[in-house]
1. Below 8 Å between Cα atoms, with a sequence gap of 6+, how large is the relative contact order for region 56-197 in percent?
2. For the pair residue 185 and residue 229, how long in nm is the line joining their label points, each one 7 Å along Cα→Cβ?
3. Apply 1/(1 + (r/R0)^6) to the Cβ-Cβ distance of residue 83 and residue 124, taking R0 = 35 Å, and write down the FRET efficiency to the nearest 0.05.
4. Does region 72-130 classify as rounded, prolate or oblate by the C-alpha gyration tensor (a ≥ b ≥ c root eigenvalues; a/c under 1.5 gives rounded; else a/b over b/c gives prolate, otherwise oblate)?
5. By its C-alpha gyration tensor, with a ≥ b ≥ c as the square roots of the eigenvalues, how is region 51-248 shaped: rounded for a/c under 1.5, else prolate for a/b larger than b/c, else oblate?
6. Need one number: % antiparallel among DSSP beta bridges in region 51-248, to the nearest 5.
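Every number here is computed from the coordinates shown, using simple stated rules; none is lab data. This one's a predicted model, so the numbers in the text were calculated from it and none came from an experiment. Note that we place each Cβ from the backbone using ideal geometry, even for glycine, and neighbour counts take in every protein chain shown.
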Ligand SMILES: [Zn+2]
């Protein structure tokens with residue numbers, strides 16, 4: 001009888017342990033299923049990125065280029081001298097017309113991104129047109145530099161939900177800015193420098209230009225870099241910045 005009870009005890013223990021394991025497995029499976037279902041059901045809507053959420057003193061200097069050959073060279077010289085890597089948003093036709101500049105950007109370690117094809121407000125265009133604008137710039141940049149960009153700053157920063165969804169379909173994130181230097185208005189070197197210093201914050205995306213219409217940028221840039229470094233900021237590309245935290249709208 002002793003043996004019988006012993007076996008019963010062991011059997012009960014075995015069954016209890018077995019049920020416990022089964023219960024845990026079932027719970028885990030249900031949690032995993034729920035996560036998979038939730039992920040499929042609410043894929044986050046694409047949004048434009050204005051800055052990165054982080055407490056670290058890190059920021060991205062970014063340049064748009066659509067026209068000319070006078071400003072890009074000096075801007076690249078200054079970045080090289082200061083060992084700063086930036087993200088350049090390039091217009092398709094400029095890349096095709098002056099391939100030596102985008103090639104130099106790649107060889108000097110900068111990040112190549114898209115500024116669309118024609119410099120037009122995409123939020124006023126049809127879905128098909130937006131698709132062809134983004135695709136044309138993509139092909140041009142890829143052809144000349146060998147790089148397939150995945151970040152786009154839409155011309156004039158114009159976007160709406162349709163533009164965001166087309167960009168997302170084509171594998172792009174839309175990048176805006178949190179600190180506008182206003183260098184495109186040629187407001188004076190001091191004004192450009194002060195605007196950046198006033199607006200920089202951890203995770204900032206700083207907007208500058210290296211098109212020939214922005215003639216004060218090369219003079220302002222060394223002071224911008226020096227000022228940011230004095231404030232303790234490390235300057236990185238937008239892709240690097242996005243490794244420090246999520247890209248957010250505000
Ligand atoms: Zn532009």
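1. Working: 210 pairs, mean separation 27.8, N = 142.
Relative contact order of region 56-197: 20 percent.
2. 2.9 nm
3. Numbers: r = 40 Å, r/R0 = 1.16.
Calculated transfer efficiency: 0.30.
4. Details: a/c = 3.10, a/b = 2.32, b/c = 1.34.
Verdict is prolate for region 72-130.
5. On the way: a/c = 1.60, a/b = 1.31, b/c = 1.22.
Since a/c reaches 1.5 and a/b is larger than b/c, the shape of region 51-248 is classed as prolate.
6. The antiparallel proportion sits near 10 percent.
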